[in-house]
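Here's the structure we're looking at; comments come further down.
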Amino acid sequence: MKDIDLEKYSSAFTLSDMEIFVFPELMYSLLLANIMSPIVWKWREESSFRKLAGKDPYKKLMRLRQFIMDEFEFNLDLETWGLTDKNTEIKRFEKFLPPAEISKSNALFGYEGDTYYYDVDIRKHFGLDKYNSDIIPYWKTETVEAMNAFRHKKGYKTGAGECVSLSTLYAAAAFIVCGIPLEDIYMVLTPLHSQNFIDINGGVITNNRRLVTNAMWFNGTELSNKAQRALRNEQITIVEHTSGLVHCLYSDATIDKNIYDRFCGKLKGFLKAELSTAMMVNFLRANPDYQKYFQFCKECRTNPQFVNAEDLFNYEHLSPLKVSDCSHKQMLEEVFDGEFSTEPSPGRIRCDQFEEFMRKKKPDIRTEQGRADITEVFAKYIPDSRKFVNELYDFLHIEPKLPAGEKNYIPTEPIKISPDMSREQIIDYLKSIRGTNVVADLAFYAYRDMESCDWKPFIKSAIERNPVSIEMTKDKSIEECFKWLKDMPNESIYDNKRLAQPDEVANYARGDGIEKAITLANILHKREPNKEISIRINGKSVIVEANQKFEFQSSKSFDKTIKINKEEYRIQ
């Protein structure tokens, strides 16, 4: 392989956030790897999904949300996959992207994006403040096998994964379990987050373990406000689709331009809402400091009664009802009589009067004149009504910072798989296009199919980017490291002829003999980088040799000899 290919292909095994940013093809390759995995296909046999057979994809997607919330935790532990430093990673990537360009768009390298992240102190926000400013985490995107395997890690009762892992898992499950075509799924990455826009029922956005519909997006709850943060504050760095991708820094784009333009329009539509009384109430929920200027009215046997907005919102904590939805009148019925007054509170606008104003005047908050008209109405009640209206407009209108449309669009053959195909048919199809489609080829590397993949990238990744196994054994002698590995269950988290990396072995405390041997080689190489290490795999026997011999047992049935000498890797 050429050096440039070796760096990219080895990254398909570690899949760090940084690697995906530099080699964006990896994101869709991981999605395809998860689609090839037998794990997600087994979910279709779950009774809760079988009951939904024949139902529309949206209902299945809503059920999938609960399944993923039950089965997976959100994990952002800095040390799960170890630490690296800026200089090491910049040196790796400088031949692909200039360091200054990476810094502009990647949070861990000194993100120069929205001031929001300076306000929250981004390193403190992620717990990085306990390290020097050059230390950054290896946030690795886990395969579905690695996500499932968190059950074997101390402190976890279920599977787990970080946001990029969860977004690729959601996309794969939406395709396999819910029958949503890949053509309707768009992967959207920002410097600090990854989510999907699923083009059904007006749009659904995945956000870590949850799903957010358009109605939920603007409901003003804390969960919705958090879901908005990335698209409200960050540059979208990458958009990926079955037709290709577009990257904020690369001038070439492989996504179909018409499809990309259509997606941009749909996303922008999702991120906007019309002003209504319900939306005003949602805004007040998100901005409680303004509640003191509002009150609600309840008709009681033709005698109006009034309750202050903040008092009514307090009832939301005790009830499944919401102030702004169709249960509004029902919620008023639940309010304790002592909360009401027969006289309106002075200096507060009545929401029913605002609703009447909206019905009669129909002001358009998107225009300067519309904002001026609304400002005039609130001027009697709110000291800085112009500021209030501007914030209300911002609440209802998010303009996504999408990669610029002025790209060199390169015609590319899309990945053509459908939910009607079986897993075996999909794998056979992807195999058939490996020679001409780099995304499909990389998918088999992310899938860890070592029967059909070059081993050199796997060994390079294992030796150069697996710090957890080294850190876990830093106080052990080599003999103790060997015993530590031998005492682990001799089982891989990957089936058939697929292999785990050393840090997966270390984190989940299990591995096939080949995986244990490569883990030991990683430890040996770190301690004596100038010493040649050989790994001989002969069916069931795996021998690591570097002055001493260490033998493991494998059930993977490979026949390979691996030589590791400094940063040179030879495979026979």
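Can you classify the stretch 450-571 as rounded, prolate or oblate using the Cα gyration tensor, where a ≥ b ≥ c are the square roots of its eigenvalues, rounded means a/c under 1.5, and otherwise it's prolate if a/b beats b/c and oblate if not?
rounded
Exactly which trypsin sites (Lys or Arg not before Pro) in the stretch 127-188 are in a DSSP loop and have at most 16 other Cβ atoms within 10 Å?
Lys153, Lys154, Lys157
Loop only per DSSP, at most 10 neighbouring Cβ atoms within 10 Å: give me the GluC sites (Glu not before Pro) in the stretch 1-47, ordered by residue number.
Glu45
Using r as the Cβ-Cβ distance of Glu299 and Thr158, and R0 as 45 Å, what FRET efficiency do you calculate, to the nearest 0.05?
Using R0 = 45 Å, I get an efficiency of 0.40.
For Lys526, go through the aspartates and glutamates and keep the ones whose alpha-carbon is under 12 Å away, minus same-chain ones fewer than eight residues off.
Candidates past the 8-residue exclusion: Glu464, Glu471, Glu567.
List the aspartates and glutamates whose Cα lies under 16 Å from the Cα of Lys272, skipping any in the same chain that are fewer than 8 positions away.
Of all the aspartates and glutamates, those that pass the test against Lys272 - Cα under 16 Å, at least 8 places apart if same chain - are Asp199, Asp364, Glu391, Asp394, Glu399.
Send over the Kirkwood Rh of the chain, from the inverse of the averaged 1/r over different Cα pairs, rounded to one decimal Å.
Its Kirkwood hydrodynamic radius stands at 26.3 Å.
Of the listed pairs Lys486/Lys540; Lys226/Lys268; Lys8/Lys154; Lys154/Lys531; Lys431/Lys456, which have alpha-carbon separations greater than 26 Å here?
As for pairs spanning more than 26 Å Cα to Cα, those are Lys8/Lys154; Lys154/Lys531.
Within 10 Å of each candidate Cβ there may be at most 14 other Cβ atoms; applying that plus a DSSP loop requirement, which GluC sites (Glu not before Pro) in the stretch 391-438 survive?
Answer in residue order: Glu406.
Read-outs throughout are calculated quantities, based only on the coordinates presented, and are distinct from any laboratory measurement. Everything numeric here is computed off the predicted structure, so don't read it as measured data. Note that each Cβ is placed from the backbone with ideal geometry, even for glycine, and that neighbours are counted across all protein chains shown.
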